[in-house]
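Notes follow the structure.
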Amino acid sequence: MGKAVEVFHSNGFSDINPNLVLDDDNQNKCCWYEEEIDEDLKWSFALNSILHRGTSEYQNIALLDTKHFGKVLVIDGKMQSAEMDEFVYHECLIHPPLLIHPNPRTVFIMGGGEGSAAREALKHKAIEKVVMCDIDQEVVDFCRRYLTANQEAFCDKKLHLVINDAKAELEGREEKFDLIVGDLADPVEGGPCYQLYTKSFYELVVKPKLNDNGIFVTQAGPAGVLTHKDVFSSIYNTLKHVFKYVLPYTAHVPSFADTWGWVMASDQPLSLDVKQIDSRIEERITGELLYLNGASLLSSTTMNKSVYLSLLNETHVYTEEDARFIHGHGVAYRG
């Protein structure tokens, strides 16, 4: 007998199409994951297999084994990270603010359920406490079980795992933090995350929970020549309305098929010096960083002319009533 073709849709469910059958001789045909980046643009990955999938109260989760990027975590049909290059994203998210801060001790991570942001923060010897607050217990449990690279971080006594809405958790805490991290899903229409990119959230919730030298950093979506106006420039401009010093920076993430953006913000200057950063990496961090050093960190803050002018001239401020959204969803199939 042949084998039915399995189609893995972005809603987490699979269909078996009885009209599509692979002969026994052709069962090695390639399986693919396909993500819709825009209405007329798709990005495909050859798969070895669909390892695991599940559906939580909030979202659909899948772990795919891709031929090119290794294990890939997909939530609501959008790829969150890939085993082969997630270190680029997470090193850029976590280490720049921790290396710029004069003496960071405490970190609050909004989202970050896969554990990679916590893993990077815990590499800093001086860090005493990392609070990771994710709304979805099932995502955390899923990643804890299947993402072996982060199992040590999940077991670290310095990590305090909280299952809650990040906004409610920050509002309810009396303590302040040296670093607050937005390791959130991209803002998508109909999803809850876009409210954590708004001016009111930054102004009324995040800023009051930062210590005097505190830094806020957030992932800020695609930042390529053709995509930086989606949300990157808006998030940057919104933070400029809340903090005295705002620093955007970017890096190419191969599995995202684009340059990615992050934005740091503080009421204290965000100064960068190559020698100082390299010295702090040597002194503060346990183990080796795979991507960042002083030179690459400094260069990441230099925008090309197109992006620079967009950031300079951006007027949109992110609000609940006037938000920008990222397009895209994915599907995995055997072809």
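Using the structure shown, decide if THR238 is within 23 Å of PRO187 (Cα to Cα) and at pLDDT 95 or above. Working first, answer last.
Values: within 23 Å of PRO187 (Cα to Cα): yes; at pLDDT 95 or above: yes.
Considered against the rule, which asks whether it is within 23 Å of PRO187 (Cα to Cα) and at pLDDT 95 or above, THR238 comes out as yes.
Filter region 191-215 for residues that are β-branched (Val, Ile, Thr) and not in a loop (DSSP other than H, G, I, E, B); which is farthest from SER266 (Cα to Cα)?
As a first pass, look at region 191-215 and keep what is β-branched (Val, Ile, Thr): 198, 205-206, 215.
Now narrow it down to the ones that are not in a loop (DSSP other than H, G, I, E, B): 205-206, 215.
Working: VAL205: 14, VAL206: 11, ILE215: 5 Å.
The extreme case among them is VAL205.
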## Note on the structure
Within region 71-110, the residues that are open to solvent by 10 Å² or more (accessible area, probe 1.4 Å) and on the phi > 0 side of the Ramachandran plot are ASP76
## Note on the structure
Taking region 179-215 and keeping residues surrounded by 19 or more Cβ atoms within 10 Å (Cβ to Cβ), more than 17 Å from the chain's Cα centre (by Cα) and modelled with pLDDT under 95 leaves none
### Message
Looking at GLU36 and the list (1) modelled with pLDDT of 85 or more; (2) surrounded by fewer than 20 Cβ atoms within 10 Å (Cβ to Cβ); (3) under 22 Å from the mean Cα position of the chain (by Cα); (4) not aliphatic (A, V, I, L, M), which single condition is not satisfied?
### Response
(1)
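The values are calculated or read from the model by the stated rules, or taken from the named source; none is laboratory data. In this text, all values refer to a predicted model and were calculated from it rather than measured experimentally. Please note: Cβ atoms are built from the backbone with ideal geometry, for glycine as well, and neighbour counts cover all protein chains shown. These area figures cover heavy atoms from the full protein model, side chains too; ligands, DNA and RNA do not enter into them. Shrake-Rupley method; radii C 1.70, N 1.55, O 1.52, S 1.80 Å.
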